[in-house]
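The values are calculated or read from the model by the stated rules, or taken from the named source; none is laboratory data. Keep in mind that this is a model prediction, so the values were computed, not measured. Cβ placement follows ideal geometry from the backbone for every residue including glycine, while neighbour counts extend to all protein chains displayed. In case anyone asks, the SASA skips ligands and DNA or RNA and just uses the protein heavy atoms, side chains included. Shrake-Rupley method; radii C 1.70, N 1.55, O 1.52, S 1.80 Å.
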Amino acid sequence: MLLLSMMVVVIAALAVGCGSKNNTNTESSEGAAPEAAKEVTSLSLGLLPSIDAIPFIIAHEQGFDKNHGVDLDIQTFKSAKDRDVAFQAGKLDGLSADLVAISIYNEAGLDVKITSTTFGEFDLLTGNESIQDLKDLKGKTVILSKNTSTQYTVAMMLKQAGLTEADITVTEVPQIPTRLELLKNNKADAAILPEPFVTMGKTSGLRVLSSTLTAGVNPFVLAFPQTAIDAKAEAIRSMYAAYDEAVAYMKSHEQSEYIDLVIKEVGYPETLKDEIKVPDYVPAYQVDVKEVEAAFAWAREKGLLSKNISAEDVISDVQFKK
């Protein structure tokens, strides 16, 4: 009996000891300081109000950027020239640009690199009933922005129709909204526009003659100066992780769940809510070298590029290999 009593006492003591240890661990865990929050780096992007901005906007609004350690400071501009002014003033880390702009930047001594392509689109619209095909543009007036990818795109479209830039009269209008208004008011025969202005034009009775998709032209890129790449390489990679997560989000959610944000940030009128068709985005990828070479060749013809700069010279491997 004495032995049995001693065993009971020992077992009870062990049980109390284990309980105290478990309680101590629980209290220690609950009372411990929380893990330090992941450091977030700000990354400013200059974007135009077009469809290639949507994944970046979704990434920021859904918090995917901060989850990956980067805070996207998205600034939207009405024209490429306004964007360039902000960029050259040092207010932007990176920007949604085009291949012609890349050639101009590097011609001016700015070491700007392409980090990926983007999902943009230009459409050539008309309201002139006598124009039913691209070849009908001969002798007609076309609105675009000179020395930019809009002029380059029109040149490639005309070439496919057996025409040259000399066959049309160009009216330069840098501001995208103004181009649409002039075309709607019959101040020109055609104009090249991005979304959402294409949808706005189509609902006003304008027709699409061609697009970058049908013409097989893709001048749209995201670019950063080499100084920003050197200073914020990890933030840029985090940006792309957030971008890809935004693409996956849009694939797995109904458009109705995020279309209000698109309307607000990109500039679609609320009245066109049912007309908007968000593209089937794919994860980010690097630009095609042949696209760069074609755009640079055109830039040289126009006297915009004289330096001996190759496509490989302006493509960064911060995210994707050349």
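Which of the residues spanning the range 144-172 are among the aliphatic types (A, V, I, L, M) and within 24 Å of the chain's Cα centre (by Cα)? Outline the logic, then answer.
Looking only at the range 144-172, we keep the residues that are among the aliphatic types (A, V, I, L, M), and these are 144, 154-158, 161, 163, 166, 168, 170.
Those that are among the aliphatic types (A, V, I, L, M) and within 24 Å of the chain's Cα centre (by Cα): Leu144, Val154, Ala155, Met156, Met157.
In the range 59-74, which residues are in contact with a Leu (Cβ under 7 Å, 6 or more places away or on another chain) and of a type outside the set (D, E, K, R)?
Residues satisfying the conditions are Ala59, His60, Val70, Leu72, Ile74.
Give the residue, chosen from Val282, Val266, Val318, Val221, that is farther than 25 Å from Ser42 by Cβ and of a type outside the set (D, E, K, R).
Numbers: Val266 fails: farther than 25 Å from Ser42 by Cβ; Val318 fails: farther than 25 Å from Ser42 by Cβ; Val221 fails: farther than 25 Å from Ser42 by Cβ.
Unique residue meeting the criteria: Val282.
Considering each of Asp84, Asp136 in turn, give the residue that is of a type in the set (Asp, Glu), under 27 Å from Val318 (Cα atoms) and open to solvent by 10 Å² or more (accessible area, probe 1.4 Å). If you could, list the steps in order and put the result at the bottom.
On the way: Asp136 fails: under 27 Å from Val318 (Cα atoms).
Matching residue, one of Asp84, Asp136: Asp84.
Can you go through Asp244, Asp317 and tell me which one is closer than 25 Å to Thr115 by Cα and part of a loop (DSSP other than H, G, I, E, B)?
Values: Asp244 fails: part of a loop (DSSP other than H, G, I, E, B).
When all the criteria are applied, what remains is Asp317.
Name the one entry in Val282, Val318 that is exposed (fewer than 12 other Cβ atoms within 10 Å of the Cβ), hydrophobic (A, V, I, L, M, F, W, C) and farther than 24 Å from Asn147 by Cα. Please lay out each step first, then the result.
Numbers: Val318 fails: exposed (fewer than 12 other Cβ atoms within 10 Å of the Cβ).
So the residue among Val282, Val318 that is exposed (fewer than 12 other Cβ atoms within 10 Å of the Cβ), hydrophobic (A, V, I, L, M, F, W, C) and farther than 24 Å from Asn147 by Cα is Val282.
Just the residues that are in a loop (DSSP other than H, G, I, E, B), hydrophobic (A, V, I, L, M, F, W, C) and in contact with a Pro (Cβ under 8 Å, 6 or more places away or on another chain), please, taken from the range 248-283. Show your work before the answer.
Start the filter on the range 248-283 by keeping residues that are in a loop (DSSP other than H, G, I, E, B), which leaves 253-254, 258, 267-269, 273-283.
With the extra rule that they be hydrophobic (A, V, I, L, M, F, W, C), the set shrinks to 276, 278, 282.
Matches in the range 248-283: Ile276 only.
All but one of (1) in contact with a strand residue (DSSP E or B) (Cβ under 8 Å, 6 or more places away or on another chain); (2) modelled with pLDDT of 95 or more; (3) closer than 22 Å to Ser50 by Cα hold for Leu137; which doesn't?
Evaluating Leu137 over (1) in contact with a strand residue (DSSP E or B) (Cβ under 8 Å, 6 or more places away or on another chain); (2) modelled with pLDDT of 95 or more; (3) closer than 22 Å to Ser50 by Cα leaves (3) as the failure.
Here are Leu209, Leu213: which of them is hydrophobic (A, V, I, L, M, F, W, C) and either in a loop (DSSP other than H, G, I, E, B) or at pLDDT 95 or above (or both)?
Values: Leu213 fails: either in a loop (DSSP other than H, G, I, E, B) or at pLDDT 95 or above (or both).
Going through Leu209, Leu213 in turn, just one is hydrophobic (A, V, I, L, M, F, W, C) and either in a loop (DSSP other than H, G, I, E, B) or at pLDDT 95 or above (or both): Leu209.
Are any residues in the range 122-173 touching a Ser or Thr at 6+ places or on another chain (Cβ under 7 Å) and among the acidic types (Asp, Glu), and if so, which ones?
Once the filter is applied, which keeps residues that are touching a Ser or Thr at 6+ places or on another chain (Cβ under 7 Å) and among the acidic types (Asp, Glu), the range 122-173 yields Asp123, Asp136, Glu172.
Please find, among Leu2, Leu48, the residue that is touching a strand residue (DSSP E or B) at 6+ places or on another chain (Cβ under 7 Å), at pLDDT below 85 and open to solvent by 30 Å² or more (accessible area, probe 1.4 Å). Walk me through it before giving the result.
Values: Leu2 fails: touching a strand residue (DSSP E or B) at 6+ places or on another chain (Cβ under 7 Å).
Every option except Leu48 fails the conditions.
Checking the conditions here, which among Asn186, Asn147 is open to solvent by 40 Å² or more (accessible area, probe 1.4 Å), closer than 23 Å to Gly216 by Cβ, in a loop (DSSP other than H, G, I, E, B) and in contact (Cβ under 8 Å) with a residue 12 or more places away in the chain?
Numbers: Asn186 fails: closer than 23 Å to Gly216 by Cβ.
On inspection, the qualifying residue turns out to be Asn147.
Hey, Ala166 hits all of (1) touching a residue at least 40 places away in the same chain (Cβ under 8 Å); (2) among the hydrophobic types (A, V, I, L, M, F, W, C); (3) outside any strand (DSSP E or B) but one; which does it fall short on?
Ala166 satisfies all of (1) touching a residue at least 40 places away in the same chain (Cβ under 8 Å); (2) among the hydrophobic types (A, V, I, L, M, F, W, C); (3) outside any strand (DSSP E or B) except (1).
Checking Tyr268 against (1) at pLDDT below 95; (2) open to solvent by 60 Å² or more (accessible area, probe 1.4 Å), which test does it fail?
Of everything listed in (1) at pLDDT below 95; (2) open to solvent by 60 Å² or more (accessible area, probe 1.4 Å), Tyr268 misses just condition (2).
Touching a residue at least 24 places away in the same chain (Cβ under 8 Å) and open to solvent by 40 Å² or more (accessible area, probe 1.4 Å): does that describe Val262?
Values: touching a residue at least 24 places away in the same chain (Cβ under 8 Å): yes; open to solvent by 40 Å² or more (accessible area, probe 1.4 Å): no.
Spelling it out, it is not the case that Val262 is touching a residue at least 24 places away in the same chain (Cβ under 8 Å) and open to solvent by 40 Å² or more (accessible area, probe 1.4 Å).
List the number of the failed condition for Met239; all other conditions in (1) in a helix (DSSP H, G or I); (2) more than 22 Å from the chain's Cα centre (by Cα) hold.
Result: Met239 fails condition (2) only.
Working carefully through the options Gly205, Gly201, find the one that is surrounded by fewer than 21 Cβ atoms within 10 Å (Cβ to Cβ), among the small types (Gly, Ala, Ser) and farther than 30 Å from Gln286 by Cβ. Can you show your working first?
Values: Gly201 fails: surrounded by fewer than 21 Cβ atoms within 10 Å (Cβ to Cβ).
From the options Gly205, Gly201, the qualifying one is Gly205.
Given the conditions (1) open to solvent by 50 Å² or more (accessible area, probe 1.4 Å); (2) closer than 30 Å to Gly109 by Cα; (3) among the polar types (S, T, N, Q), and given that Asn218 satisfies all but one, which numbered condition is not satisfied?
Status for Asn218: all satisfied but (1).
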